[in-house]
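See below for the structure under consideration.
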Amino acid sequence: LFCAAATMKLYTFAGNTHALQTLIVARYNGVDIEVPAFEMGKDNKSAAFLKKSPLGKVPVLETASGCICEAAAVARYVARMRADTNMFGATFFEAGQVDMWVEFAKNELDLPVGMWVFPILGFIASNAANTKQAQEDIARALGVMNEHLQSRTFLVGDAVTLADIVVSCSLLNAFKLVFDAPFLAPFPAVVRWFTTCVSLPEFLAVIGKTTLLQGATGAAPPPASAPSGGDGKKEGKKGGKKDAKEAKEAKEAKEA
């Protein structure tokens, strides 16, 4: 078990998928991360917090050496804390592939997923044209993923990496709230990959059981036996708030 010199703190609101990805990585790496109670719209505007995150945004990781802002940077930092857990793959090339998929999530998934999901959560007004564009953009990205995953269990190499964690968290709310059976029908390999990831103990320890909107049907058979991804590790604390409170805090985070 790896232990940092001092317990780190992750500041975020409950249910923030951009923070959940770091907590899942922490499970794989055996890193203890504390998640203090945090209220968006209040705590993120305090003078003390603005010293940690000048823009008042979350997630923010507080370490013994200082604070790290931006979700991908935080996840990468925790992933790099150990070299023996495959978070950046097994080779230098695989490390580059991991970074490629992390950027893919940021550039191809996060915006359209938000545009489709946020009106349902009440964060923004519904706009049919925007939703249609988001659906087209996501379908294009899932098409790329589906082709890639036809002969692979995971995105990079033969076991879970940071790539799987970040991309699956980017798609988490979409799978739960908007991806119905007809939409997912062309992407069975993606469904198989996603359900494999969220069923692993390190994911379950942080996000609990994930129920797909369309049910866990329509997945392609695995191309090979999926590695277990390693034994469960020590986890950071996670939020267990009700959906309504998560939606309220996420909306305040967007407006902050």
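For region 34-172, the carbon plus sulfur part of the accessible surface works out to 55%, probe radius 1.4 Å.
Given the C-alpha centroids of region 129-151 and region 5-28, what is the distance between them in whole angstrom? Region 129-151 and region 5-28 have Cα centres spaced 27 Å from each other. Each label was represented as a point 7 Å from its Cα along the Cα-to-Cβ direction; for TYR77 and ALA181 these points are 4.5 nm apart.
How much of the calculated P(r) for region 130-179 lies past 17 Å, in percent of all Cα pairs? Of the Cα pairs, 41 percent sit more than 17 Å apart. Computed from point charges on the beta carbon alone (+1 for Lys and Arg, -1 for Asp and Glu), the dipole magnitude for region 88-164 about its Cα centre is near 260 Debye.
Cross-link check: pairs LYS9/LYS52; LYS9/LYS51; LYS9/LYS57; LYS51/LYS106 evaluated at a Cα-Cα cut-off of 18 Å; pairs beyond the cut-off: LYS51/LYS106. Each peptide in 188-198, 93-103 was scored by the mean count of other Cβ atoms within 10 Å over its residues; highest first, the order is 188-198, 93-103.
Nearest 0.05, what FRET efficiency do PHE93 and GLN135 give at R0 = 25 Å with Cβ-Cβ as r? Result of the calculation: an efficiency of 0.15.
Summing Lys and Arg as +1 and Asp and Glu as -1 over all other residues whose Cβ lies under 9 Å from the Cβ of THR7 gives a net charge of -1.
Work the Kirkwood hydrodynamic radius out for region 1-101: mean of 1/r over every pair of different alpha-carbon atoms, inverted, in Å.
Result for region 1-101, one decimal place: 14.2 Å.
A viscosity of 1.306 mPa s and a temperature of 10 °C, combined with the Kirkwood radius over Cα pairs in Stokes-Einstein, give a translational diffusion coefficient for region 89-154 of 119 µm²/s.
A DSSP coil position with no more than 14 other Cβ atoms inside 10 Å describes the following trypsin sites (Lys or Arg not before Pro) in region 15-110: LYS42, ARG80.
The values are calculated or read from the model by the stated rules, or taken from the named source; none is laboratory data. Only a predicted model underlies this, so the values are computations on that prediction, with no experimental measurement involved. Cβ coordinates were reconstructed from backbone atoms using ideal geometry, including for glycine residues, and neighbour counts include every protein chain displayed. Surface areas here come from the heavy atoms of the whole protein model, side chains and all, with no ligands, DNA or RNA. Shrake-Rupley method; radii C 1.70, N 1.55, O 1.52, S 1.80 Å.
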